[in-house]
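The next block holds one structure in the form of structure tokens; read it before the comments.
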Amino acid sequence: MSIKRFIWISLLSLVACIVIDLNYPYKTDIKNFNPAEVARLDGAIWRSYYEKKKLKLFFQSAELMRKQFGVPFWRSNVMAYHVAKAAFVFKDGKDTTDYNKALPGLIKYYQQINNISNENFDAAKAAKLELEWWVVRRYRDVHPPAEWEKYLSLGSEAVYHIPAGKFSDYAHLRVEAMLLRDNKGNDINEDDWQHVNHLLQQAWKSFSISLHS
């Protein structure tokens, strides 16, 4: 076999694998995941976001999709693209009009989670709640942490069909981690990030318990 023919066959095989990966029917129970791994990646994504490392955040988001939802490789990258793009569109935004430009990407992201979930949910509603807590957190001077917790809990309720009140401990711990990061600002160090990760470990452990209790 010639090198040229080998390359063409390899490329066609790769394209076929990608098409199958992106389109074959795949369903999973999104309540089942490793909370320790999700917490680790959640913290890593936060750090990449604040350090403006877009490519790193993209790869971490894709890994999270695989670890949290068991999503196939190429599909996880498409999902990561939508959520990472939405995050940085929001980060660069200055007002409500700018922030709303992140919503289409969030809707696509949640639609893809809905597509693989054994139990359907309203993807547009989940995306709007996600964006809402991003917004209230940015305007922390007029929106206290209790409001951040509310939107985190409501977003979880929208996806998992479990009353928001059951996610109160998770939301409180995750917001505590956010406050630590925000209060440190540019002076945050490795020990601080370790503390953030410890709080996220507790938060996601509580989240997992809430899903199965």
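Points worth noting:
- Listed by position, the helices (runs of 4 or more DSSP H) enclosed by the stretch 30-114 that each have at least 2 residues that are farther than 21 Å from residue 200 by Cα are 54-69, 73-91, 96-100.
- Out of 126, 171, sole residue that is small (Gly, Ala, Ser), buried (at least 18 other Cβ atoms within 10 Å of the Cβ) and farther than 27 Å from residue 78 by Cα: 171
- Test set (1) closer than 23 Å to residue 211 by Cα; (2) modelled with pLDDT under 95 - residue 49 fails condition number: (1)
- In the stretch 28-74, residue nearest to the chain's Cα centre (by Cα) [restricted to those that are of a type in the set (Lys, Arg) and within 20 Å of residue 85 (Cβ to Cβ)]: 66
- Some residue of the stretch 120-134 being touching a His at 6+ places or on another chain (Cβ under 9 Å), under 23 Å from residue 105 (Cα atoms) and modelled with pLDDT of 95 or more: yes
- When restricted to residues that are touching a residue at least 40 places away in the same chain (Cβ under 8 Å), part of a helix (DSSP H, G or I) and of a type in the set (A, V, I, L, M), the stretch 128-176 contains 2.
- Odd one out for residue 66, checked against (1) among the basic types (Lys, Arg); (2) closer than 16 Å to residue 38 by Cβ; (3) crowded, with 22+ Cβ neighbours inside 10 Å: (3)
- Here residue 26 passes the criteria (1) modelled with pLDDT under 95; (2) buried (at least 19 other Cβ atoms within 10 Å of the Cβ) except the one numbered (2).
- Considering (1) closer than 18 Å to residue 127 by Cα; (2) of a type outside the set (Val, Ile, Thr); (3) over 13 Å from the mean Cα position of the chain (by Cα); (4) at pLDDT below 95, the lone condition that residue 104 does not fulfil carries the number (4).
The values are calculated or read from the model by the stated rules, or taken from the named source; none is laboratory data. If you're wondering where the values come from, they're calculated on a predicted model, not measured in any experiment. As a convention, Cβ positions derive from the backbone with ideal geometry for all residues, glycine included, and neighbour counts pool all protein chains shown.
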